[in-house]
Amino acid sequence: MPAPQINIIGELMNNAYARARTAWEKRDVAGYQHLARLQAAEGAVILNVNVDGTQRLSVTMEEMLAFLPHLVPALQAATDTALSFDNPNLDYQHTAMAHYDRAKSRGKPVYNSLAASRQRLPEMIAFIKEHDMRCIVMASERFGAGGASEMTFKPEEAHETVRIFADLLVSQGGRSLDDIIVDPGLAPVAADMYGLINLGLDTMRLCRADPQLQGLHFSVGLSNFAFGLPKSIRAPLERAYLTLAGAAGLDYALANVELNAEPLPPEDPLVAELAAVLAAGRAGPGESTEDAGYRQTDKIMELCAAHHATR
């Protein structure tokens, strides 16, 4: 069986990365252009634009809104790869799209992201329709009673969330299912106490089997997966996850084109080893999700130790 084909959404324009952080601190559009060209050259089909703060860097909305009019045209001067504007705030999206030239892009811009908890969801959907955008939808939250939102802990709940969003975006937003990219969520494998990784895989399988959802897409934030694990094994584990998730329906990934963007061949031993780790993370009869989560953590640590011993 060949490795799955995954479309990469380049994530390097994010202040979590040193080069982007340096470019942000200097307001260096040439630095951003370099990152855009680099990712496009490596095959990214969409470039994510995230200038928000991190634990190491404080960024205000006012600072972001002041920089976008300079950044967006500069990125489009560097590459015609479609851009994903990674901030749910409508002011951010309005500012980005006010300076986005559709004629200079090979694909539709992307609104990142919609979720059940968004306070101005009808306005967001109307905005997406107005600007003919694709969008990323979070399946990790579900619509609760009285307009509230709740975390999803069952694949059936996430599947229902996807169906609701698909209906809203098609009927009210004028979108096709091809315009919808669902993020089923991806937790760090060593700290997944609620079975969220398996939840995401099961959600994709349910949606792929649903005749009413044929044609939509799935993406995850891949760098979340191996967070906290030894550096030497992070990228191989992320690539092994891509192989498993691709078989479940994943066809996009927000990823680092320089490290983790290529799935491992299905016959690579690490793929089977990771599958065994995730199988250990499924709760059996009489077990809690936390019991299974601790077992999954133990198994991934054993895997990391075994690989370290062979280096």
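Within segment 173-195, the set of residues being part of a loop (DSSP other than H, G, I, E, B) and aliphatic (A, V, I, L, M) comprises Leu186, Ala187, Met193. In segment 42-98, which residues are assigned to a loop (DSSP other than H, G, I, E, B), modelled with pLDDT of 95 or more and polar (S, T, N, Q)? Of everything in segment 42-98, those that are assigned to a loop (DSSP other than H, G, I, E, B), modelled with pLDDT of 95 or more and polar (S, T, N, Q) turn out to be Ser58, Thr60, Thr79, Thr81, Asn87, Asn89. Which of the residues that make up segment 131-172 are within 20 Å of Arg120 (Cβ to Cβ), assigned to a helix (DSSP H, G or I) and at pLDDT 95 or above? Selection gives Thr161, Ile164, Phe165, Ala166, Asp167, Leu168, Leu169, Val170, Ser171. All conditions in (1) assigned to a helix (DSSP H, G or I); (2) of a type outside the set (Val, Ile, Thr); (3) surrounded by fewer than 19 Cβ atoms within 10 Å (Cβ to Cβ); (4) in contact (Cβ under 8 Å) with a residue 24 or more places away in the chain hold for Trp24, with the sole exception of (3). Sort through Ser149, Ser171 and tell me the only one that's touching a Ser or Thr at 6+ places or on another chain (Cβ under 6 Å), more than 21 Å from Tyr294 (Cα to Cα) and among the small types (Gly, Ala, Ser). Answer to the check: Ser149.
Checked across segment 230-243, the condition of being over 26 Å from Met13 (Cα atoms) and modelled with pLDDT of 95 or more holds for no residue. If the condition is being surrounded by fewer than 24 Cβ atoms within 10 Å (Cβ to Cβ), in a loop (DSSP other than H, G, I, E, B) and either touching a His at 6+ places or on another chain (Cβ under 7 Å) or in contact (Cβ under 8 Å) with a residue 12 or more places away in the chain (or both), then segment 196-219 contributes Asp210, Gln214, Gly215. Considering only residues in segment 168-191 that are touching a helix residue (DSSP H, G or I) at 6+ places or on another chain (Cβ under 9 Å) and among the charged types (D, E, K, R), the one that is farthest from Ile46 (Cα to Cα) turns out to be Arg175. A single member of Gly228, Gly246 is surrounded by 18 or more Cβ atoms within 10 Å (Cβ to Cβ), touching a residue at least 40 places away in the same chain (Cβ under 8 Å) and not β-branched (Val, Ile, Thr), and it is Gly246.
The values are calculated or read from the model by the stated rules, or taken from the named source; none is laboratory data. Note that the coordinates shown come from a computational prediction; the quantities given were computed from them, not determined experimentally. Counting neighbours? That spans all protein chains shown, and the Cβs are built from the backbone with ideal geometry, glycine included.
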